[in-house]
Each structure stands twice: as structure tokens, then as C-alpha cells.
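These notes concern the structure reproduced below.
Here, each number is a calculation from the coordinates, and none is a lab measurement. Only a predicted model underlies this, so the values are computations on that prediction, with no experimental measurement involved. Note that we place each Cβ from the backbone using ideal geometry, even for glycine, and neighbour counts take in every protein chain shown.
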Amino acid sequence: MNARTHPGGEAAHRATQENLPWLLSGRMGEAERALAEDHLRECAACRADLAALRRLRASAELPDPPCD
């Protein structure tokens, strides 16, 4: 597989990329979520992007450090 070839095709890859924030927030319909999850099983790039979004979300939920 080269850089231009994505599991499920380019359209599935783009759709998954665009929907990662909604997948993470749980605001996707069942059909869309199933398609995204199918793509994520095969696409390391999308899994890495989802992991990065999870880390970003977790860091945003940390409490602010105390003021000195």
C-alpha cells in the first residue's frame, strides 16, 4: 500500500478523517460510526489521528495549575 492508497478507498478515508471529532464525542449515527470503525481497523494513519485527538481532549480536561 502506498501513501495514496487507503483501506476502503480515498472517499472512506476522507470521510473518516472529517468525522473523527464526532466519533470521539459520540455524536455519530450508528451507520456512520460503523463505517468509521471499519476504516479505523485497517488504517493506521486514521488510528494515529484519533489517538492524537484523544490526547488533545484529555489535556484540555486537565485542571489549570494553581496561581503562585
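For the reader, a short list of remarks on this structure follows.
- Close pairs (7 angstrom Cβ cut-off, 6 or more residues apart or separate chains): closer than 23 Å to Ala11 by Cβ and in contact (Cβ under 8 Å) with a residue 40 or more places away in the chain in region 43-61, exposed (fewer than 15 other Cβ atoms within 10 Å of the Cβ) and among the polar types (S, T, N, Q) anywhere: none
- Candidate set: region 9-61, residues that are part of a loop (DSSP other than H, G, I, E, B) and among the small types (Gly, Ala, Ser); chosen: the one surrounded by the fewest Cβ atoms within 10 Å (Cβ to Cβ): Gly26
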